[in-house]
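Worksheet for the structure shown next.
The values are calculated or read from the model by the stated rules, or taken from the named source; none is laboratory data. Everything numeric in this text was worked out from a predicted model, so none of it was measured. So basically every Cβ, Gly included, is an ideal-geometry build from the backbone, and we count neighbours across all protein chains shown.
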Amino acid sequence: MTKLYLTYDDVLLLPNFSEVTPSRTDLEGKIPIIASPMDTVCEKEMALAIGRLGGYGIIHRNLPINEQADQLAWVLKQKVGCGAAVGVGPDMKQRVEILVKAGAKEICVDSAHGHTKHVGEAVSWIKTFHPGVECFAGNVATAEGAAFLFRAGADAVKVGMGPGSICTTRIMSGMGVPQLSAVIDCVRAAKKFKGKIIADGGIKTSGDMVKALAAGADAVMLGSLLAGTDEAPGKKVKIKGKWFKYYRGMGSAAAMKHGSAERYGQAKTAKKFVPEGVEGLVEYKGKLADFIYEFIGGLRSGMAYLGAKNLKELRQKAKFIQITPAGWSESKPHSIYDYRH
């Protein structure tokens, strides 16, 4: 145990000489954000909205097969790209076949532990029988796990074991890797296979997204940050004059009862589940477009500080420095009274 593993709050990026302003950065008409396939984050409304903004949505699998396929088809009819998630349970092949008939060009094999025989076999089956379908797979947290999925045929690998705000995998099982180090290690593996890496979980701010992309991720996957928007399917509630939206992990007991138990290796017929997630409320954010505008503004600002005109230059010019807890405390607003709350 000699290597120190770090997460986003453990580091900052060194600024460079720059002739680039935020308005002159080029994202090539796309935003590197994917809406997480969670049942309080991404259904058809979210997939359509984020797709129109240049991002991407993956419709969750806690839906009856035909309903998921109908939602996918509805989005695709709007001329917007959209993916769908599947598990590795008994209905996997049937679900894939129905989704492909509905027009799916991207399928996400979604598991809490992607470095397993079942996930590898699912990816191989999809790429064998539907070679034209792009396959995302995960989740993993090591270079070995990423390489395993790329060898199985995955086009993109989701990285993240336990960093999400509603995930308790690390607490329940003792397993996981701090997210920044996990991304860096998996990016190294991806280069050997010319595959893509999606940093899934642990993104709390636009600065975290900048760090993930600088570490080599091709995109970030967001859950809690999108769950508070109008387009997310979670219920909106008002508490003491303030609006919130319901958000739950796919490893929460409530989500497991609705079908995601198999994602965590637990039988759907179990009388009692062992949760690896929680449920709660997130602050209501309003329209997705308004949130994304500000969030991407943070990315463009980070690129300008590095002197990077595009994401390729961001990765080339990025230099991380490790900081102390005091350094991180200094990074946040301090020494003022927030009169708004």
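Go through the range 49-80 and give me each residue that's part of a helix (DSSP H, G or I) and within 17 Å of the chain's Cα centre (by Cα).
Going residue by residue through the range 49-80, those that are part of a helix (DSSP H, G or I) are 49-52, 65-77.
The answer is Ala49, Ile50, Gly51.
Picking from Val96, Val41, Val75, which residue would you name as being surrounded by 18 or more Cβ atoms within 10 Å (Cβ to Cβ) and under 16 Å from Ile198 (Cβ atoms)? Please lay out each step first, then the result.
Working: Val96 fails: under 16 Å from Ile198 (Cβ atoms); Val75 fails: under 16 Å from Ile198 (Cβ atoms).
Checking each option against the conditions leaves just Val41.
Identify, by number, the condition in (1) small (Gly, Ala, Ser); (2) touching a Leu at 6+ places or on another chain (Cβ under 7 Å); (3) surrounded by fewer than 18 Cβ atoms within 10 Å (Cβ to Cβ); (4) under 20 Å from Ser36 (Cβ atoms) that Gly54 doesn't meet.
(2) is the only condition that Gly54 fails.
Going residue by residue through the range 8-28, is there one that turns out to be at pLDDT below 95 and within 25 Å of Met209 (Cβ to Cβ)? Spell out the reasoning first.
Of the range 8-28, the ones at pLDDT below 95 are 28.
The next check asks that each one be within 25 Å of Met209 (Cβ to Cβ); those that pass are 28.
Checked against the condition, which is being at pLDDT below 95 and within 25 Å of Met209 (Cβ to Cβ), the range 8-28 yields at least one hit.
Restricting the search to the range 252-311, which residues are modelled with pLDDT under 60, more than 24 Å from His115 (Cβ to Cβ) and not in a helix (DSSP H, G or I)?
Thr269, Lys271, Lys272, listed by residue number.
Here is a yes/no grid of residues against (1) among the acidic types (Asp, Glu); (2) outside any helix (DSSP H, G or I); (3) in contact with a strand residue (DSSP E or B) (Cβ under 8 Å, 6 or more places away or on another chain); (4) without any contact (Cβ under 8 Å) to a residue 12 or more places away in the chain:
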site	(1), (2), (3), (4)
Arg95	no, no, yes, no
Cys108	no, yes, yes, no
Gly114	no, yes, yes, no
Ala122	no, no, yes, no
Lys127	no, no, yes, no
Glu144	yes, no, no, no
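For residues that are over 18 Å from Tyr8 (Cβ atoms) and in contact with a Phe, Trp or Tyr (Cβ under 7 Å, 6 or more places away or on another chain), tally how many sit in the range 156-188.
Count: 2.
Please state which of the following conditions Phe17 fails to meet, knowing it meets all the rest: (1) touching a strand residue (DSSP E or B) at 6+ places or on another chain (Cβ under 9 Å); (2) touching a residue at least 40 places away in the same chain (Cβ under 8 Å); (3) part of a loop (DSSP other than H, G, I, E, B); (4) surrounded by fewer than 24 Cβ atoms within 10 Å (Cβ to Cβ).
(1)
State which residue is nearest to the chain's Cα centre (by Cα) when the search covers only the range 319-341 and only residues that are surrounded by 10 or more Cβ atoms within 10 Å (Cβ to Cβ) and assigned to a loop (DSSP other than H, G, I, E, B). Let's see the steps before the verdict.
Start the filter on the range 319-341 by keeping residues that are surrounded by 10 or more Cβ atoms within 10 Å (Cβ to Cβ), which leaves 319-323, 327-331.
From what's left, assigned to a loop (DSSP other than H, G, I, E, B): 319, 323.
On the way: Lys319: 24, Ile323: 25 Å.
If we take residues in the range 319-341 being surrounded by 10 or more Cβ atoms within 10 Å (Cβ to Cβ) and assigned to a loop (DSSP other than H, G, I, E, B), then Lys319 is nearest to the chain's Cα centre (by Cα).
With respect to the numbered conditions (1) at pLDDT below 95; (2) closer than 30 Å to Gly29 by Cα, which one is the sole condition not fulfilled by Ser331?
(2)
When only residues in the range 171-212 that are among the small types (Gly, Ala, Ser) and outside any helix (DSSP H, G or I) count, which is surrounded by the most Cβ atoms within 10 Å (Cβ to Cβ)? Full working, then the answer.
From the range 171-212, those among the small types (Gly, Ala, Ser) are 173-174, 176, 181-182, 189-190, 195, 199, 201-202, 206-207, 212; that's our starting set.
Next, from what is left, pick out any that are outside any helix (DSSP H, G or I): 174, 176, 195, 199, 201-202.
On the way: Gly174: 8, Gly176: 17, Gly195: 22, Ala199: 32, Gly201: 25, Gly202: 25.
Among those that are among the small types (Gly, Ala, Ser) and outside any helix (DSSP H, G or I), it is Ala199.
Which of (1) over 20 Å from Val41 (Cβ atoms); (2) polar (S, T, N, Q); (3) modelled with pLDDT of 95 or more does Thr205 not meet, given it meets every other one?
(1)
Read through the list (1) within 14 Å of Ile296 (Cα to Cα); (2) under 21 Å from the mean Cα position of the chain (by Cα); (3) surrounded by fewer than 18 Cβ atoms within 10 Å (Cβ to Cβ); (4) not hydrophobic (A, V, I, L, M, F, W, C), then give the number of the only condition that Pro32 fails.
(3)
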